[in-house]
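What follows is a set of notes on a single structure, which appears directly below.
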Amino acid sequence: MALSWNYKSADGIENGPFDEVRMKQFVLEGALKADTPVWSEKQGEWKKLSESELAGLFVHLLGAERENRKCKMCERISNPDELVEIEGLPCCAECKPVLIRRLQEGSVIPGYIVYGGFWVRTLAKILDWIIIGVIQIPFTIAYVISLSFFPESIITALIMFAYFILSMVVGVLFNIFFLTKYSATPGKMAFGLGLINADGTEKISWQKSMGRYFAEILGGMMMYIGYIIVVFDKEKRALHDYMCKTRVVYKR
């Protein structure tokens, strides 16, 4: 025989008896909270719901399921019929226009990841290239002057090779410094973007930063297909994101 339960409302009025199915519904509706006094004949005394035999049965309802019944914007708990889902986010009717606008603007919503798309990442990359180009101006000037002194000789080839290696070192150090310190390059920061790992953590190691740099070069060598796949990927991942298990997301 199923247990029957009574509970006391906030004004001290005793309600019941109810079976466990009905009590579960009260939990979902918010009528019963963790500190609501409940009683059953088997229990023999009034106890808080969180300390009663019902606690184990409804612990997930007091946490995860009730969280899913919250409007993502105002965080009010509502009945399922009063919520609509927009891109997987539960939302009440009052907050629906606000949520739609924020999603269109690319604004970050608590508990919801907005991935950086192809065009904003392209602009961020162009800005990074410009910054790296400015950093390399002294080396570029030295490179051009050196070539004028040693035209068409083995030294010219050595100078070109040295410049290529130096440019790569600058790019690697640029990536390592900004990604390990800020989880974003200046170009990404300018557009409110940043890197996260596949598990959602933001700490990017120097090994991953360096690996990502060379993986980007590989993606460029493949006729930039490594970048173009961002358009078709659900999480907006480029080839180097796949290889290094990273994601580019909005952080603002």
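Bear in mind that the values in this text are calculations on the coordinates, not laboratory data. If you're wondering where the values come from, they're calculated on a predicted model, not measured in any experiment. Every residue, glycine among them, receives a Cβ derived from its backbone with ideal geometry; neighbour counts consider all protein chains shown.
So here's what we get for this one:
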{"item": "Value of Rg to Rh for the range 118-250 (Rh from inverse mean 1/r over Cα pairs, i.e. Kirkwood)", "result": "1.04"}
{"item": "Cleavage-rule hits, GluC sites (Glu not before Pro), the range 141-231, DSSP coil, Cβ neighbours within 10 Å at most 12", "result": "GLU152"}
{"item": "FRET efficiency, 1/(1 + (r/R0)^6) with R0 41 Å, evaluated for PHE150 and LYS181 via beta carbons", "result": "0.60"}
{"item": "Paramagnetic reach from LEU3 in the range 13-45 [backbone N under 11 Å; point 7 Å along Cα→Cβ]", "result": "20, 38-45"}
{"item": "Counted charge near GLY171, where neighbours are those whose Cβ lies closer than 14 Å (Asp, Glu -1; Lys, Arg +1)", "result": "0"}
{"item": "Most positive-pole-ward Cα, ALA124, ILE159, VAL144, against dipole of the range 118-250 from beta carbon charges", "result": "ALA124"}
{"item": "Sites LEU166 and ARG101, calculated FRET efficiency, Cβ-Cβ separation with R0 41 Å, nearest 0.05", "result": "0.30"}
